[in-house]
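**Q** Please read through the structure below; I'll follow up with questions.
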Amino acid sequence: MNVVFLGPPGAGKGTQAKYACSRRGIPHISTGDILREAVANGTDLGRRAKGYMDSGALVPDDLVVSMVAERLSRDDCGEGFVLDGFPRTVAQAEALEETLSANGGVLDGVLYFSVDDEDVIKRLSGRRICRECGANYHIEFMPPAKEGCCDKCGGELYQRDDDKAETVGERLKVYYRQTADLVDYYRDRGLVAEVDASLSPSDVQAEVEKALAGLDRS
Ligand code: AMP
């Protein structure tokens, strides 16, 4: 099952993608995670991407498209994948279609996570991530048992630089300017199932499972 999770930053795509992928044994491909790792490792890609990421802008299409094409060519994508955070522009969506068709594949569906801006701002500004295992928390909605400390592995929790208030507004603007049109792009192709991402994480999970089951049958 080849699926894209689409929606604004902070809609909960990453959390839901991790769960859906672990249930199905398929890879969760988050372009944000791959880019952050490249920055942390100081690779050439990381050095070229960092400035864009720090300011909340998109990394240029050519860099991200070739990164995703390489990732999709790996063996673990044979049974499908969930792409989280890609595509983010129409040019990336077109490139994805080409990459898949070159390998004899198609996109089976797009889950659109809808949520309003106020929720996005609250979620992103309260989000904390474990440095060790990557688990996500929220200081108000999903706090860890001990402040600043991961429940799963005891790792230190931190706030992503681009989740700080000054960058969140820019990321939302970038979403509306460059990414939101993809909802109609994929609707026109009959691929979109909408998920109400303003619900609680467990209710969103139920909606995601229902939508994915619909794709399994089709
Ligand atoms: P995310 O974790 O998905 O919110 O991504 C964090 C940052 O990585 C974004 O604000 C962009 O700077 C960059 N990024 C992630 N995915 C893409 C993409 N598909 N195209 C361009 N930039 C991206």
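**Q** Rolling a 1.4 angstrom probe over the protein heavy atoms, how many square angstrom per residue are accessible across the chain?
**A** 51
**Q** Please list, ordered by chain and number, the residues whose modelled amide H lies under 5 Å from the amide H of C149; skip anything fewer than 5 residues away on the same chain.
**A** L157
**Q** Something else now. How large, in Å, is the stretch 1-84 by the Kirkwood hydrodynamic radius built from its alpha-carbon pairs?
**A** Computed over the stretch 1-84, the radius equals 13.5 Å.
**Q** What's the carbon and sulfur percent of the stretch 1-119's accessible surface, probe 1.4 angstrom, rounded to a whole number? Mind showing how you got there, number by number?
**A** Details: 2530 of 5310 Å².
It is 48 percent, rounded to a whole number.
**Q** Next question, about the same structure. What number in nm² do you get for the chain if you take the convex hull of its Cα atoms and divide its surface by four?
**A** That works out to 11.6 nm².
**Q** Under the rule of at least 5 residues apart or a separate chain, name every residue whose amide H is placed under 5 Å from the amide H of G85.
**A** The list, which skips near neighbours in sequence, is F5.
**Q** What is the packing order of peptides 123-134, 144-155, taking the mean over residues of other C-beta atoms within 10 Å and listing the highest first?
**A** 123-134, 144-155
**Q** Please find, in a Gaussian network model of the chain (springs between Cα atoms separated by less than 10 Å), the residue of D75, D116, D33 whose mean-square fluctuation is greatest.
**A** D75
**Q** Suppose every Lys and Arg Cβ carries +1 and every Asp and Glu Cβ carries -1, with no other charges. What dipole size does the chain come out with about its Cα centre, to the nearest 20 debye?
**A** Value, rounded to 20: 420 debye.
**Q** Please list the non-local residues whose amide H lies under 5 Å from the amide H of V195, H modeled 1.01 Å from N, same-chain partners needing a gap of 5 or more.
**A** Y112, F113, S114
The values are calculated or read from the model by the stated rules, or taken from the named source; none is laboratory data. Since the structure is predicted, the reported quantities are computational estimates derived from the model, not experimental observations. So basically every Cβ, Gly included, is an ideal-geometry build from the backbone, and we count neighbours across all protein chains shown. Just so you know, the surface numbers come from the protein's heavy atoms only, side chains and all, with ligands and any DNA or RNA stripped out. Shrake-Rupley method; radii C 1.70, N 1.55, O 1.52, S 1.80 Å.
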